[in-house]
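One structure is given below, represented as structure tokens, and several questions about it will come after.
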Amino acid sequence: MAAFHKLPLGHTTKNQELFLAYEQINKTSTDNNNNNNNNNGLTYVCLPGLGDLRNQYRFLGPLLAKDQHGQPNIVYAADLRGHGDSSPHFDDYSVNAGAQDIIALLKKLNQEHGKQQRFVLVGNSFSAATISVVLGRELPHLDDLKDQIVGAALVGPFVKNYPADKWFRPLTHVLFGARWYGVAMWTMYWKTLFMDTEKNPADFKDRVAQLDAKMREPGRLQATARMMRASKEDSEAVLTKFGVKGSATPLKVLVVMGDQDPDFSDPVGEAKWITDKINEAGAARVTCESHIVANSKHYPHVEYPEEVASAMLRFF
């Protein structure tokens with residue numbers, strides 16, 4: 001993948017460095033790390049789902065970076081803890097730990113740009129749960145960012161526990177217990193999350209090879225399996241509490257769902273349930289809508305990036 005920056009997150013008890021890998025998408029040669037100012041544009045921070053890499057935003061990211069009302073947007077993508085180019089040494093893979101990573105990244109981006117940004121958080125699958133915790137809980141250090149998070153896009157969102165988790169979570173110890181067969185099991189499943197792997201996306205074979213190679217690195221498969229076993233109880237509990245406490249900034253939330261997503265028995269119904277839950281809060285400054293992508297599975301932003309980008313740019 002492309003060159004990346006490190007977000008330091010401390011060290012393990014064995015003094016192993018903990019960090020998240022992140023990069024700016026569509027950065028130009030004239031950009032300056034210390035003075036990259038998008039004036040009144042938005043800063044999109046994009047997070048992939050578990051068992052995937054930050055370059056799942058390789059199509060959507062550049063589209064989001066285009067001028068909106070005459071102002072360019074800045075787009076970042078980050079690997080989750082334990083994934084991609086991030087450190088593989090983490091002990092905690094809970095949704096709350098992921099939420100703290102998001103807060104740390106936003107604060108780091110403020111420092112890099114020398115001013116406060118207007119953030120839109122974009123999260124696929126598991127990352128939608130971590131974003132939900134950021135938006136719905138009173139987390140430490142979040143107060144510094146309370147007026148900066150203006151939107152969130154939850155794509156193919158896993159934000160609650162399901163009955164099948166009771167048997168599937170223990171099964172992950174068997175399915176993904178060893179790299180020599182566990183990586184093949186994961187990539188085989190991952191490929192079923194796309195509608196047409198022969199044509200869409202066009203670089204699918206290269207992506208499979210890249211993901212397979214990354215997942216074979218020590219610690220990557222275990223990180224994926226541990227995220228699979230992570231409870232979504234905390235993210236579900238806060239869906240009706242969206243809106244950073246003390247913020248006067250309106251919050252807009254867009255739920256994006258492929259109508260053929262095999263991870264849900266009723267994808268369209270799931271999107272409606274999440275949207276209704278968020279709107280239940282009744283907060284005048286929190287608005288949630290859904291956008292259903294036809295003939296798409298778990299990665300609508302990869303299969304139909306133009307449609308998803310258009311929906312997001314129009315909504316935010």
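Alpha carbon centre of the range 198-250 versus the range 77-146: separation in Å?
12 Å
Next up: Could you calculate the contour length gain from A2 to K191, that is, 0.36 nm times the residue separation minus the distance between their Cα atoms, to one decimal place in nm?
Extra length available between A2 and K191 comes to 65.8 nm.
Shifting gears a bit: If I take every Cα pair under 8 Å that is 6 or more residues apart in the range 5-315, average their sequence separation and divide by the length, what percent do I get for the relative contact order?
20 percent
Counting other Cβ atoms within 10 Å of each Cβ, which trypsin sites (Lys or Arg not before Pro) in the range 117-213 have at most 15 and sit in a DSSP loop?
Hits after loop and neighbour filter: K146, K199.
Quickly estimate the mean residue ellipticity at 222 nm for the chain, helices only: each DSSP H run with n ≥ 4 gives -39500 (n - 2.57), and the total goes over all residues, rounded to 500.
About -10500 deg cm²/dmol.
Given labels modelled 7 Å from the Cα in the Cβ direction, how far is it in nm from A237 to D259?
My value for the distance between the label points is 3.7 nm.
So the label point goes 7 Å from the Cα of D144 along Cα→C-beta, right? Which residues of the range 82-114 then have their backbone N under 17 Å from it?
99-114
Sticking with this structure for a sec: Looking only at M215, M185, M227, which one moves most when the chain is put into a Gaussian network model with springs between Cα atoms under 10 Å?
Per the Cα network of the chain with a 10 Å cutoff, M185 tops the list.
When we measure straight from the Cα of K297, which lysines land under 26 angstrom away, once same-chain ones fewer than 8 places off are left out?
Straight-distance partners of K297: K66, K160, K166, K191, K199, K205, K214, K232, K252, K272, K277.
I've got another one for you. Can you list the aspartates and glutamates whose alpha carbon sits under 19 Å from that of K146, skipping same-chain ones fewer than 8 residues off?
The qualifying aspartates and glutamates are D101, E112, E138.
Label point 7 Å out from K66 along Cα-to-Cβ: which residues of the range 275-316 have amide N under 17 Å?
It comes to 301-316, nothing else.
For the chain, which longest stretch is free of loop sites, where a loop site is one of the GluC sites (Glu not before Pro) that DSSP puts outside H, G, I, E and B and that has at most 16 other Cβ atoms within 10 Å?
Value returned for the longest uninterrupted segment is 1-137.
Next question. Please turn the phi angles of the range 155-162 into ³J(HN,Hα) values with the Karplus equation 6.51 cos²θ - 1.76 cosθ + 1.60 (θ = phi - 60°), one per residue in order, whole Hz, x for glycine and proline.
10, x, x, 9, 10, 8, 7, 10
Diagonalise the Cα gyration tensor of the range 125-171 and give the resulting equivalent ellipsoid semi-axes, square root of 5 times each eigenvalue, largest first, whole Å.
They are 28, 13, 7 Å, listed from largest to smallest.
Of L154, L221, L175, which is the most mobile in a GNM of the chain whose springs link Cα atoms less than 10 angstrom apart?
Among L154, L221, L175, the largest GNM mean-square fluctuation belongs to L175.
While we're here: For A294 and D276 in one chain, what is 0.36 nm times their gap in residues minus the Cα-Cα distance, to one decimal in nm?
Answer, rounded to one decimal: 4.4 nm.
For the range 123-225, which semi-axes, largest first and in whole Å, follow from the square roots of 5 times the eigenvalues of its Cα gyration tensor?
Output for the range 123-225: semi-axes of 30, 19, 15 Å.
Using only the Cα atoms of the range 205-316, each taken as one equal point scatterer with no solvent, compute I(q) by the Debye sum, divide by I(0), and report log10 of the ratio at q = 0.11, 0.17, 0.20 Å⁻¹.
For the requested q values the scattering log ratios are -0.50, -1.04, -1.17.
Which order do Y57, Y299, Y181 fall in if you start with the one that has the fewest other Cβ atoms within 10 Å?
Y181, Y57, Y299
Moving on. Report the charge-dipole magnitude of the range 5-315 in Debye, nearest 20, computed about the Cα centre from +1 at each Lys and Arg Cβ and -1 at each Asp and Glu Cβ.
440 debye
Turning to a different aspect of this structure: Among the DSSP beta bridges whose two residues both lie in the chain, what percent are antiparallel, rounded to the nearest 5?
Here the share of antiparallel DSSP bridges comes out near 30 percent.
Compute the Rg to Rh ratio over the range 5-315 from the alpha carbon atoms, using the Kirkwood formula for Rh, and round to two decimal places.
Answer for the range 5-315: 0.93.
What is the order of C46, C288, fewest Cβ neighbours within 10 Å to most?
Result, fewest neighbours first: C288, C46.
For S265, S235, S87, which order do you get if you count the other beta carbons within 10 Å of each Cβ and list the fewest first?
S265, S87, S235
Just F126, F264, F168 to compare: in a GNM of the chain, with alpha carbon springs under 10 Å, which one fluctuates most?
F168
Which one of N295, M215, P48 is farthest out on the positive end of the charge dipole of the chain, using unit charges on Cβ (Lys, Arg +1; Asp, Glu -1) and the Cα centre as origin?
Result: M215, furthest along the dipole toward the positive end.
No lab work stands behind these numbers, since they all come straight from the coordinates. In this text the structure is predicted, and so the values were computed from the model without any measurement. Neighbour counts run over all protein chains shown; Cβ positions are idealised from the backbone, glycine included.
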